[in-house]
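The values are calculated or read from the model by the stated rules, or taken from the named source; none is laboratory data. Just so it is clear, the structure is predicted and the values come from calculations on it, not from any experiment. Here the Cβ is made from the backbone with ideal geometry for all residues, glycine too, and neighbour counts use every protein chain on show. Only protein heavy atoms, including side chains, enter the accessible area calculation; ligands, DNA and RNA are left aside. Shrake-Rupley method; radii C 1.70, N 1.55, O 1.52, S 1.80 Å.
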Amino acid sequence: MDVETALRKMPKAELHLHLEGAVDASTFAELAAHHGLELPPHDQVADLYSYDSLADFLVIYSLVCRSIQTEADFRRVTYECLARCADSGARYVELFLSPESHFEMGVEYPTMLAGVLTGMADAQAERSLESNLIPAINRELGPARAVEFVEMVAAHPHPQIIGVGLDFNEIGFPSADYVDAYRAAAAHGLHRTSHAGEVGPADNVRAAIDLLDCERIDHGYHVVDDPDLVASCVESQIAFTVCPTTTEYTTVWRDLSAPDHAIRQMSEAGLKLMVNSDDPAMFVSDLGNEYVRLHREMGLSLDTLAEMALNGIDAAWIDDATKTALRADWSAEIDTLLAATA
Ligand code: ADE
Ligand code: ZN
């Protein structure tokens, strides 16, 4: 078996995936036309997904969100997203949803949930793929709204709504500002993760851990600017959900083969990393490709990538008995796959 096939088949968890960033350009164009939304000028549909910074990306991301309006739309994009995860070897997914960006079009939170949860049930029935949902706070709306958002999430409990995230642009919206929202999330028994250190400083990673009490960190790349923080994260083994292709679009580390790429520095420092696809359709990738790129372009070994796949089990918000069972199953499967590449 060739290495690429083995990496694609390798069992994986996907814990950093935005539903809306997984919408194909063609699905986006179709939904936008259906709802009478005007699209930016473009020659080909694929050109809709062109950007060179996080801020530019978030403008188009918000347009994609506006195109998803009905329960049926949410069900469709959720199933399409999860089916592609299954094609990449994902066995368990925790999916981010951006409710704030749908409110702009007057979509009600229960409508979103009904569609997404049905799409998840479809993926469970048709692809045996288990998934849970993480509504994400849009940090650009500020700390007061973040508290209201958490209260809204808590007021609509569901066994598959398991935590909250914090995303959009860190610049001007430091993590420390969201302490009250994260305290409320913890009080409601919700798990906590947060984007930090993607375009913002290492201090955001520190605040996410020390002040927001996050159980894992999304991206986290700028941790490498603070050796003391790296040392304490190595010690605690908090997980970082790194997204190789995203770094080419949103960060200062645009070359995966560069010796000083943040993900390489993080791996070499002994941080606990797992690999994710973030916005796979919008960055023209998928989860399998993220592993393949780390091998081909960053030169990470198959053993390192296997360890990162297993790290996904530790970082997942599932019970300990399930973690133990998954680790035994996946380890055996990975050993067989890697032996077949020799
Ligand atoms: N929302 C979707 N993708 C994101 C990213 N890479 N950073 C911040 N917010 C996001
Ligand atoms: Zn993200």
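Would you work out if segment 99-257 is rounded, prolate or oblate? Take a ≥ b ≥ c from the square roots of the eigenvalues of the alpha-carbon gyration tensor; rounded if a/c is under 1.5, else prolate when a/b is larger than b/c, oblate otherwise. Note, shape of segment 99-257 comes out prolate. Think of the chain as a dipole: +1 on every Lys or Arg Cβ, -1 on every Asp or Glu Cβ, centred on the Cα centre; then among His295, Ala121, Pro135, Ala121 lies furthest on the positive end. Kindly identify segment 33-188 as rounded, prolate or oblate by the Cα gyration tensor criterion: order the square roots of the eigenvalues as a ≥ b ≥ c, call it rounded if a/c is under 1.5, otherwise compare a/b with b/c, prolate if a/b is larger, else oblate. Oblate. Counting only protein heavy atoms and a probe of 1.4 Å, the accessible surface of the chain is 51% carbon and sulfur. Among Ile137, Ile217, Ile318, the largest mean-square fluctuation in a Gaussian network model of the chain, built with springs joining Cα atoms closer than 10 Å, belongs to Ile318.
Is it possible to state the helix-based mean residue ellipticity at 222 nm for the chain, with each DSSP H run of 4+ residues giving -39500 (n - 2.57), the sum divided by total residues, to the nearest 500 deg cm²/dmol? What is it?
That calculation yields -15500 deg cm²/dmol at 222 nm.
Using the Cα coordinates of segment 89-138, the gyration tensor eigenvalues translate into equivalent-ellipsoid semi-axes of 23, 12, 6 Å, sorted from longest to shortest. Per residue, segment 3-339 exposes an accessible area of 37 Å² to a 1.4 Å probe, with every protein chain left in place.
For segment 1-123, a/c is not less than 1.5, where a ≥ b ≥ c are the root eigenvalues of the C-alpha gyration tensor, and a/b does not top b/c. That puts it in the oblate class.
Contact order, relative form, for segment 3-339: 20 percent (alpha carbon pairs under 8 Å, 6 or more residues apart, mean separation divided by residue count). Kirkwood analysis of segment 3-339, using all unique Cα-Cα pairs, places the hydrodynamic radius at 19.9 Å. Each residue of segment 141-153 was assigned a 3J(HN,Hα) from its phi angle through the Karplus curve 6.51 cos²θ - 1.76 cosθ + 1.60 (θ = phi - 60°); the sequence is 8, x, x, 5, 5, 4, 5, 4, 4, 5, 5, 5, 4 Hz, with glycine and proline shown as x.
Between the amide H of Ala196 and those of Asp218, Gly220, distances stay under 5 Å, these residues lying 5 or more places away or on another chain, with hydrogens modeled in the peptide plane. The alpha carbon convex hull volume per residue for segment 113-173 rounds to 86 Å³.
Filter the trypsin sites (Lys or Arg not before Pro) in segment 234-320 down to the DSSP loop ones having no more than 13 other Cβ atoms within 10 Å, then list what survives. Walk me through the numbers before you get to the answer.
Values: sites: Arg254, Arg264, Lys272, Arg293, Arg296; in loops: Arg254.
Taking segment 234-320 and a limit of 13 other Cβ atoms within 10 Å, the loop trypsin sites (Lys or Arg not before Pro) found are Arg254.
Think of segment 3-339 as having a plus end and a minus end, set by charges on the Cβ of Lys, Arg, Asp and Glu; of Cys65, Thr304, Val284, Thr304 sits farthest toward the positive end of this dipole. Dipole size of segment 3-339 about its Cα centre, with +1 on Lys/Arg Cβ and -1 on Asp/Glu Cβ: approximately 580 debye, rounded to the nearest 20. Pick from Met105, Met308, Met120: which is most flexible by mean-square fluctuation in a GNM of the chain where alpha carbon atoms under 10 Å apart are linked? Looking only at Met105, Met308, Met120, the biggest GNM fluctuation is shown by Met105. Between Ser194, Ser101, Ser128, the residue with the greatest mean-square fluctuation in the GNM of the chain (Cα pairs under 10 Å linked by springs) is Ser128.
When all protein chains stay in place and ligands, DNA and RNA are ignored, the 1.4 Å accessible-area order of Phe103, Phe57, largest first, is Phe103, Phe57. Any idea how far the Cα center of segment 3-57 sits from the one of segment 227-299, in Å? After rounding, the separation between the Cα centres reads 20 Å.
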